[in-house]
Amino acid sequence: MNTALITGITGQDGSYLTELLLEHGCTVHGVVRRTSALSRSRIDHLYSDPAIYGKRLFLHYADLDDPTTLRRVLNKVAPDEIYHLAGQSHVGLSFEIPESTCEMTAMGTLRLLEMIRDLPRPAKLFHPSSSEIFGAPEQSPQDEGTPFKPVNPYGCAKAFATQMVAIYRQTFGLFACNAIMYNHESPRRGENFVTRKICRAAAAIKLGQQSELMLGDTSARRDWGHSRDYVRAFWQMLQQPKADDYVLATGQLHSVQDIVEIAFTTCGLDWRQHVKQDARLLRPAEPQRLLGNAAKAKRVLGWEPQISFRALIEEMTRAELERLAS
Ligand code: GDR
């Protein structure tokens, strides 16, 4: 029975991964930041279950900018596996707060690698990299061999962290893996990401709680999958005999406009009457042609996404209708 430690356990991927690891019989330790607002809604159902919390699930206060505390937690928990999911993950926001984005995403990962290197029994490390490392790629679709060419502070920080993970694997022999992930969503997605923003607005308009939706570039295209599909691969990557990097993607491109049309149709609405463009939401630079080739993950891990784009957006929209009506 493995012991896993998750940074960012309260996030979208952290919560689905926790459920999956508990199903696999693992003991899960989560690292949480102390904040005045207790936002643990995504794992509340596990936290409030006396058969789980305090028995197979534990939470610890620590932070990547407080290495002493994190080191103490690592020594105490002695995990077999670490899933490092914490970080500022909003690309648009990284133009506003580049220093803290790099501090958390780039330096935070390096600090963790250094701590793992010092452990008497180094844990396996999962690092969630991003398609944003490719930024403006010359080839499409991208795979594990595509050169990094980030176009925003977030992508740049992720490129640094991704390369550091590879360096620590090659130089110090750590079992450390990168998943180069394309957009992955769910009803647990943060509200400022475009899928959740659109599904939530469509539901709110349907329920008479909102009248219009302001968006940035609706022609922007991405490779969107479901978080529940992606966390399966996180676990599988750490069960392999050899550490390696894998692209996780659906291999299909859709536009922001496609999300709008599915979400508004699910609510029985005509999007033309409600959706407007707001120039303030346009980004200084948009990545181009971000489409992933997950052939290696399929070949080595036997991994394939099972939830379609349409099913994802419909599930998210129905979840918002339920949430906002209650
Ligand atoms: P992204 O996700 O930047 O790709 O990063 P996001 O959902 O924020 O944007 C997707 C695309 O939609 C366009 N867009 C808008 N985006 C937002 N947030 N709000 C809007 O109003 C809006 N209008 C149009 C964006 O310009 C963009 O083209 C996500 C994150 O999860 C990262 O952490 C992860 O690494 C990458 O996906 C892969």
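The values are calculated or read from the model by the stated rules, or taken from the named source; none is laboratory data. Small disclaimer: the values here were computed from a predicted structure and weren't measured. Neighbour counts are summed over all protein chains in view; Cβ atoms, including those assigned to glycine, are modelled from backbone coordinates with ideal geometry. All accessible areas refer to the heavy atoms of the entire protein, side chains included, with ligands and DNA or RNA removed. Shrake-Rupley method; radii C 1.70, N 1.55, O 1.52, S 1.80 Å.
One table, with the values for the structure above:
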| read-out | value |
| --- | --- |
| Probe 1.4 Å, accessible area per residue of segment 49-123, Å² | 49 |
| LEU281 accessible area, assembled protein chains, probe 1.4 Å, Å² | 70 |
| Dipole-positive endmost among PRO153, PHE309, LEU248 within the chain (Cβ charges, Cα centre) | LEU248 |
| Between segment 261-296 and segment 11-35, the Cα center-to-center distance that results, in Å | 30 |
| Accessible carbon and sulfur surface of the chain relative to its total accessible area, %, 1.4 Å | 50 |
| Peptides 309-320, 90-101 ordered by average Cβ neighbours within 10 Å, highest first | 309-320, 90-101 |
| Beta bridges by DSSP in the chain, antiparallel share as percent, to the nearest 5 | 5 |
| Exposure rank, largest accessible area first [TYR83, TYR154, TYR53; 1.4 Å] | TYR53, TYR154, TYR83 |
| Helix axis angle, 153-172 relative to the chain longest principal axis, alpha carbon, degrees | 30 |
| Antiparallel bridges, percent of DSSP beta bridges restricted to segment 181-317 (to nearest 5) | 25 |
| Whole-Hz couplings from phi, Karplus 6.51/-1.76/1.60, listed for segment 213-228; x for Gly and Pro | 10, 9, 10, x, 7, 7, 8, 4, 10, 9, 9, 9, x, 9, 4, 4 |
| MRE, 222 nm, helices only [DSSP H, n ≥ 4, -39500 (n - 2.57), over the chain, to nearest 500] | -11000 deg cm²/dmol |
| Where segment 145-229 is the region considered: accessible area per residue in Å², 1.4 Å probe | 37 |
| Nearest 10 degrees, 0 to 90: helix 309-325 Cα axis against the chain principal axis | 80 |
| Stretch gain in nm, segment ASP118-SER255, where the contour uses 0.36 nm per residue and the Cα spacing is subtracted | 44.8 nm |
| Long-range HN-HN contacts of ILE6 with modeled amide H, under 5 Å | HIS29, GLY30, VAL31, TYR83 |
| Tilt relative to the chain, helix 108-118 - C-alpha long axis, 0 to 90 degrees, to 10 | 20 |
| If the convex hull is drawn through the Cα atoms of the chain, its volume per residue in Å³ | 135 |
| Average accessible area per residue (Å²) across segment 256-326 - probe 1.4 Å, nucleic acids and ligands excluded | 58 |
| Rg over Rh, two decimals, segment 248-326 (C-alpha only, Kirkwood Rh) | 1.06 |
| Long-range HN-HN contacts of PHE134 with modeled amide H, under 5 Å | LYS149 |
| Whether segment 1-124 is rounded, prolate or oblate, judged on the alpha carbon gyration tensor where a/c under 1.5 counts as rounded | oblate |
